[in-house]
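A short write-up of the structure that comes next.
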Amino acid sequence: MVTQSRNGERRGGAWWRAPIANRDLGEDNQSVVINDAMGPFCGLGAIMFGFVSFAQFKFDPTPGSWWSSGLAALTGLFLAVSFLVLHSGRGQVLRRHSLRFGAVVTALVAANPMIYILGTRVTYPAIGMLLVIVALGALVHNRFWAVATIAFVDLFWIACAAGFGLPVPPATFAAQIIKANALAIVLNIARRRTVRRFESAQHEVHRLATTDELTGLANQRGLYEVVREIPARLRKEGLDLTVVYIDVDDLKSVNDRHGHAAGDALIRSVAEVLRGAFRENDTIARVGGDEFAVLITSTSQRDAQTLVDRTNQRLAEQGISASIGTASASSADPDFDTNVLLDRADAAMYEAKMIRKSGLA
């Protein structure tokens, strides 16, 4: 259920902006953060795995280390190519799929110390496992999958230690795992907080860009956001759309005679009347100095006209003179076009204003 507060925002979700508190971390914003980290990670990772591969091939005599050395070389090559692609004209391909790309990179990096342990049966020290646990906390964007993958790595390492033996006391081994997990949790929380702040800043910028400062209603930008999004919902639900344009009469005279503060008070009064006259799921916007627009979704145009009549009556009760124009259409109409409805409602409002000025109404 959507409800509208006194300042024009709709609790539970507004058509022109969605409350940040009611959403989980969006994948788009996760992607931005992952993209920012992935470039440097691939570049530094390519260098690191290149050195690891060289050092293992050249200096590691441990039986069974060859497979791990080969995987390290493959990982370094993959990260180097990824780094070059990210910084080329084709980088957008990876960025558009950054979460999946990040998962592939994470899995490849995680496989390196696992293969080393399986090949050499050396379970400690395993610095690579510690680094992988920390990297999972930093790179895996989904909280569930971060916990699941870190738990899998922990259990794998513990199982290998149980099967192959430990050269150190179990307490030392457990302490290293606990410290790595703690750091992974800290990094995951820090990254999620970064995304939260990023989303909060986005939300505030969007709110400022789509809200009329004087009335708290949507502004013209906010109205057109709804205009772009609403046709799909109307067709899905089989609803009609009625566009209402309202022009407050004599605002210039009020400003000239009583000052702009009085004019602002008049505009705020009109906004309050509109909030009370229309329903919670109607979009109300101030689109000009003395003009308002309302998008009414309804099952019948008669219901919409009832709302318009109620609005006219309540404006009159407040002593507010206004010219109102409407235009309606069914979303089932093959020629349904919200922009055409806006133009028709604006023209109807202008015609009503001319009639009022001529004294015929």
For this session: Could you grab me the full set of residues in region 223-266 that are among the polar types (S, T, N, Q) and at pLDDT 90 or above?
Result: Thr242
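Scan region 72-79 and tell me whether some residue there is modelled with pLDDT of 90 or more and closer than 26 Å to Val168 by Cβ.
Within region 72-79 (the criterion being modelled with pLDDT of 90 or more and closer than 26 Å to Val168 by Cβ), the answer is yes, since at least one residue qualifies.
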For this session: Pull up region 312-337, narrow it to residues that are free of Cβ contacts under 8 Å to residues at least 40 places away in the same chain and outside any helix (DSSP H, G or I), then point me to the one that is surrounded by the most Cβ atoms within 10 Å (Cβ to Cβ).
Result: Asp337
Problem set entry | Failed condition for Val340, given (1) within 27 Å of Ser253 (Cα to Cα); (2) of a type outside the set (Phe, Trp, Tyr); (3) surrounded by fewer than 21 Cβ atoms within 10 Å (Cβ to Cβ); (4) modelled with pLDDT of 90 or more | (1)
Exercise. Out of contact with any His (no Cβ under 9 Å at 6 or more places or on another chain) and either farther than 18 Å from Leu217 by Cα or in a helix (DSSP H, G or I) (or both) - does that describe any residue in region 280-297?
Worked result: no
For this session: Can you tell me which residue among Phe198, Phe164, Phe173 is over 30 Å from Glu272 (Cβ atoms), among the aromatic types (Phe, Trp, Tyr) and either loosely packed, with under 13 Cβ neighbours inside 10 Å or modelled with pLDDT under 90 (or both)?
Result: Phe198
Exercise. Which residue pairs have Cβ atoms under 8 Å apart, sit 6 or more places apart or on different chains, and have a first residue in region 193-207 that is free of Cβ contacts under 8 Å to residues at least 12 places away in the same chain and a second that is surrounded by 12 or more Cβ atoms within 10 Å (Cβ to Cβ) and assigned to a helix (DSSP H, G or I)?
Worked result: none
For this session: Report the residue count in region 139-160 for those that are among the aliphatic types (A, V, I, L, M) and surrounded by fewer than 20 Cβ atoms within 10 Å (Cβ to Cβ).
Result: 6
Exercise. Got at least one residue in region 191-208 being within 19 Å of Val132 (Cβ to Cβ) and touching a helix residue (DSSP H, G or I) at 6+ places or on another chain (Cβ under 8 Å)?
Worked result: yes
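Looking at Ala304, Ala285, which is the one that is in contact with a strand residue (DSSP E or B) (Cβ under 7 Å, 6 or more places away or on another chain), within 17 Å of Met349 (Cβ to Cβ) and either at pLDDT below 90 or loosely packed, with under 14 Cβ neighbours inside 10 Å (or both)?
Working: Ala285 fails: either at pLDDT below 90 or loosely packed, with under 14 Cβ neighbours inside 10 Å (or both).
Every option except Ala304 fails the conditions.
Quick check on Val153: is it of a type in the set (A, V, I, L, M, F, W, C), over 15 Å from Gly128 (Cα atoms) and at pLDDT 90 or above?
Working: of a type in the set (A, V, I, L, M, F, W, C): yes; over 15 Å from Gly128 (Cα atoms): no; at pLDDT 90 or above: yes.
In short, no.
Just to be sure I understand, how many residues within region 92-124 are assigned to a loop (DSSP other than H, G, I, E, B) and touching a residue at least 12 places away in the same chain (Cβ under 8 Å)?
So the answer is 4.
Among the residues of region 135-144, write down those that are part of a helix (DSSP H, G or I) and either within 16 Å of Leu108 (Cβ to Cβ) or in contact with a His (Cβ under 8 Å, 6 or more places away or on another chain) (or both).
Selection gives Ala135, Leu136, Ala138, Leu139.
Assess whether Leu79 counts as being touching a Cys at 6+ places or on another chain (Cβ under 8 Å) and in contact (Cβ under 8 Å) with a residue 24 or more places away in the chain.
Values: touching a Cys at 6+ places or on another chain (Cβ under 8 Å): yes; in contact (Cβ under 8 Å) with a residue 24 or more places away in the chain: yes.
It is true that Leu79 is touching a Cys at 6+ places or on another chain (Cβ under 8 Å) and in contact (Cβ under 8 Å) with a residue 24 or more places away in the chain.
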Exercise. Can you tell me how many residues in region 49-72 are under 41 Å from the mean Cα position of the chain (by Cα) and surrounded by fewer than 17 Cβ atoms within 10 Å (Cβ to Cβ)?
Worked result: 2
Exercise. Taking region 150-183, which residues are among the polar types (S, T, N, Q) and either over 23 Å from Thr120 (Cβ atoms) or not assigned by TED's automatic domain parsing to the domain that holds Val122 (or both)?
Worked result: Asn181
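The values are calculated or read from the model by the stated rules, or taken from the named source; none is laboratory data. In this text the structure is predicted, and so the values were computed from the model without any measurement. Note that each Cβ is placed from the backbone with ideal geometry, even for glycine, and that neighbours are counted across all protein chains shown.
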